[in-house]
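See below for the structure under consideration.
The values are calculated or read from the model by the stated rules, or taken from the named source; none is laboratory data. Note that the coordinates shown come from a computational prediction; the quantities given were computed from them, not determined experimentally. FYI the Cβ positions are ideal-geometry reconstructions off the backbone, even for glycines, and counts take in every protein chain you see. These accessible areas exclude ligands, DNA and RNA; they are computed on the full protein's heavy atoms, side chains included. Shrake-Rupley method; radii C 1.70, N 1.55, O 1.52, S 1.80 Å.
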Amino acid sequence: MYTEIFDDIISITHNDYSGHLDKKGWDDPGKYRDRIKRMEAEDVLDAVTFQEIVEDYLLDFKDRHMYFRLKDNGKQTTYHNGFSTRRFDDKLHVTEVTDEACLEIGDALLSLDGTPIRVLIEKHERELFELVAERENWKPIIQRYSSCEVESRDGTVKTMELKQYANQNRKPEFKVDRLNDGVLFMSLPSFANIKAVEVMLEEYQEHLETAEKLIIDVRENGGGSDLAFRNLLPYLFPEGETSIPLEDSIQAFNCTRRNVELTVKVFGQFLENIDDETVKTNLNKYVEEMTKNVGQGFKILEDESPAINIQGKALPEKVVALSDVKCASASEALIELCKESPKAAVIGRPTAGVNDYSNLVIEEWENLFELWYPTSRMAGMNEKADGEAASIIHPDIHIPWTPTHITRDVDLEKALEFLQT
């Protein structure tokens with residue numbers, strides 16, 4: 001079973017994945033296939049190990065918008081270390097603790113299995129593939145180790161075992177607060193559930209209509225659908241109509257048969273939560289255009305240069321959007337729109353930059369595995385800067401991450417200061 005699934009994955013990465021032409025020759029599937037085939041013949045390959053091997057293979061493409069995982073079907077349990085970190089210099093600072101009782105926020109990991117972090121940076125360069133420490137993702141790396149050396153906040157050092165905790169589906173927590181001087185703070189941690197975001201915006205519509213200043217926080221927002229934030233856009237732009245050309249964001253779709261079939265499935269799920277007839281018509285039109293172009297390679301489906309027209313509101317008068325590296329996909333699209341508004345400013349750190357290749361679909365196997373991969377390519381990415389994704393959105397005010405962020409919300413402080421000017 002595993003070898004056949006891996007062969008299908010190779011077919012996707014070489015034909016259906018929208019980066020397959022740009023990254024031709026980057027991967028080496030043969031060595032992974034040989035390992036899978038050998039382990040399967042020896043009956044020592046299980047689902048978790050197979051998932052890890054495929055994830056390692058996908059690293060060849062250097063695309064954080066493509067990943068392979070065990071499907072949440074109630075039969076398989078996936079695990080994590082129960083905490084999150086962020087690197088600053090030669091330490092991994094603990095920024096969040098969910099399950100690990102032996103750690104506290106503000107502690108720092110000095111080594112893993114006795115190897116200093118400064119050495120591990122080079123060892124795991126392939127997995128990290130980032131040029132800036134604050135953008136690195138150490139979670140999957142920490143999971144490979146069994147112990148760590150920890151420096152507590154009081155300066156004491158101890159060695160502790162790294163444990164594994166079952167993943168739990170924690171629902172994103174939307175939060176709205178009234179801050180000082182007429183500032184409304186709105187935390188939007190996800191755009192995955194369109195209806196949930198729309199219900200929240202409707203509930204706080206009066207607050208949005210009357211707030212003089214607004215802060216939207218998408219620093220932890222890993223994306224979802226652009227449709228989720230469409231009702232927020234009028235509050236981010238000045239009164240009257242604003243037309244924003246989107247030539248730089250034009251997407252060329254890889255119109256393979258598999259991609260069309262999986263896109264129909266994804267759109268079908270969206271349509272279940274959407275009442276807007278215009279949106280339904282546009283989604284169906286996309287499917288029709290993709291279907292017409294099956295087998296024709298990459299096609300731009302718009303008839304003319306796309307633009308978005310927004311009817312802005314007088315209030316709020318000033319808007320700040322907080323961004324960070326976990327701000328990805330749909331939330332990056334929101335940040336990009338904020339950059340186009342004369343009454344909005346972006347504060348924090350550059351976004352994830354995953355939209356060079358976007359419009360993800362999901363292929364499934366045995367009700368056990370699923371591969372999420374992009375089907376479209378940003379047409380303007382040919383002009384990207386060396387070493388950086390074209391879709392990374394840089395803030396208007398950059399605040400480098402430091403351990404101070406653990407004890408103080410430095411970004412929010414800067415946003416409040418900016419709104420007073």
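Overview of results
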{"quantity": "Checklist (1) over 20 Å from the mean Cα position of the chain (by Cα); (2) outside any strand (DSSP E or B); (3) touching a residue at least 24 places away in the same chain (Cβ under 8 Å) applied to D72, failing item", "calculated": "(1)"}
{"quantity": "From the options I310, I392, I335, residue that is surrounded by 16 or more Cβ atoms within 10 Å (Cβ to Cβ), more than 23 Å from the chain's Cα centre (by Cα), closer than 23 Å to S190 by Cβ and not acidic (D, E)", "calculated": "I310"}
{"quantity": "Hits in the stretch 146-160 (condition: touching a Ser or Thr at 6+ places or on another chain (Cβ under 9 Å), charged (D, E, K, R) and in contact (Cβ under 8 Å) with a residue 24 or more places away in the chain)", "calculated": "E149"}
{"quantity": "Enumeration of residues in the stretch 172-225 that are under 16 Å from the mean Cα position of the chain (by Cα) and among the charged types (D, E, K, R)", "calculated": "D217, R219, E220"}
{"quantity": "Meets criteria (among the small types (G, A, S), at pLDDT below 95, open to solvent by less than 60 Å² (accessible area, probe 1.4 Å) and under 26 Å from I216 (Cβ atoms)) for S358", "calculated": "yes"}
{"quantity": "Qualifying residue in the stretch 217-240 (condition: of a type in the set (S, T, Y) and either without any contact (Cβ under 8 Å) to a residue 12 or more places away in the chain or under 13 Å from Q311 (Cβ atoms) (or both))", "calculated": "yes"}
{"quantity": "For L262: the one exception among (1) over 27 Å from D8 (Cα atoms); (2) within 26 Å of the chain's Cα centre (by Cα)", "calculated": "(1)"}
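Conditions tested, residue by residue: (1) of a type in the set (D, E, K, R); (2) in contact with a Phe, Trp or Tyr (Cβ under 9 Å, 6 or more places away or on another chain); (3) open to solvent by 40 Å² or more (accessible area, probe 1.4 Å).
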{"position": "E55", "(1), (2), (3)": "yes, yes, yes"}
{"position": "L58", "(1), (2), (3)": "no, yes, no"}
{"position": "H65", "(1), (2), (3)": "no, yes, no"}
{"position": "T77", "(1), (2), (3)": "no, no, yes"}
{"position": "R86", "(1), (2), (3)": "yes, yes, no"}
{"position": "A101", "(1), (2), (3)": "no, no, yes"}
